[in-house]
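The structure appears below as structure tokens.
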Amino acid sequence: MMERICRVMLISGTILWFVVLLCGCTTVLKETDPKESLKSIALTYWKMRIEGNYKDALKMEEKEQLTKGNTTKLPLDEYYKAKAEITSKIDSYSINDVKILNDRGRVDVEFVFTLPQIPKPVHQKLSDEWILKDGKWLHLFP
């Protein structure tokens, strides 16, 4: 009788271990899905830009490209803030599509904003370019 209980517990423990292992693998796969990862990062990036958090948004930029674009020779943070500042009131934004090819990503973003001289909300779409470097998505500032 005791031997049978031990076998049942061993089998149950083994099955439970496999279930936990499979659940863990599923979670890891979801978290490392490149499209979902890039979408989440792009949403965070645009939230920071819209809220005027240029210091943290700058950390998400690919520095080499940003430095090349800085022909004014201003300190990089001042140059970025001047270029990244959003002057219109953004009412909402959304990620419409994410495409990935190797280490490059393209994120289609749609903004709805208001301008004082236009009575209706304005819809604007743009495609953001991103690059995967050392396992981290970085925005390619135009």
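The values are calculated or read from the model by the stated rules, or taken from the named source; none is laboratory data. Only a predicted model underlies this, so the values are computations on that prediction, with no experimental measurement involved. Methodologically, a virtual Cβ is constructed for each residue, glycine included, from the backbone with ideal geometry; neighbour enumeration extends over all protein chains shown.
Per-structure values
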read-out: Residue in the range 11-25 that is modelled with pLDDT under 95, in a loop (DSSP other than H, G, I, E, B) and more than 12 Å from Ala84 (Cβ to Cβ) present; value: no
read-out: For Asp108: the one exception among (1) part of a strand (DSSP E or B); (2) over 30 Å from Val122 (Cα atoms); value: (2)
read-out: Hits in the range 76-111 (condition: surrounded by 15 or more Cβ atoms within 10 Å (Cβ to Cβ), among the hydrophobic types (A, V, I, L, M, F, W, C) and in contact (Cβ under 8 Å) with a residue 24 or more places away in the chain); value: Ala84, Ile90, Ile95, Val98, Ile100, Val107, Val109
read-out: Looking only at the range 32-84, and only at residues there that are part of a helix (DSSP H, G or I) and of a type in the set (Gly, Ala, Ser), the one that is nearest to Lys133 (Cα to Cα); value: Ser37
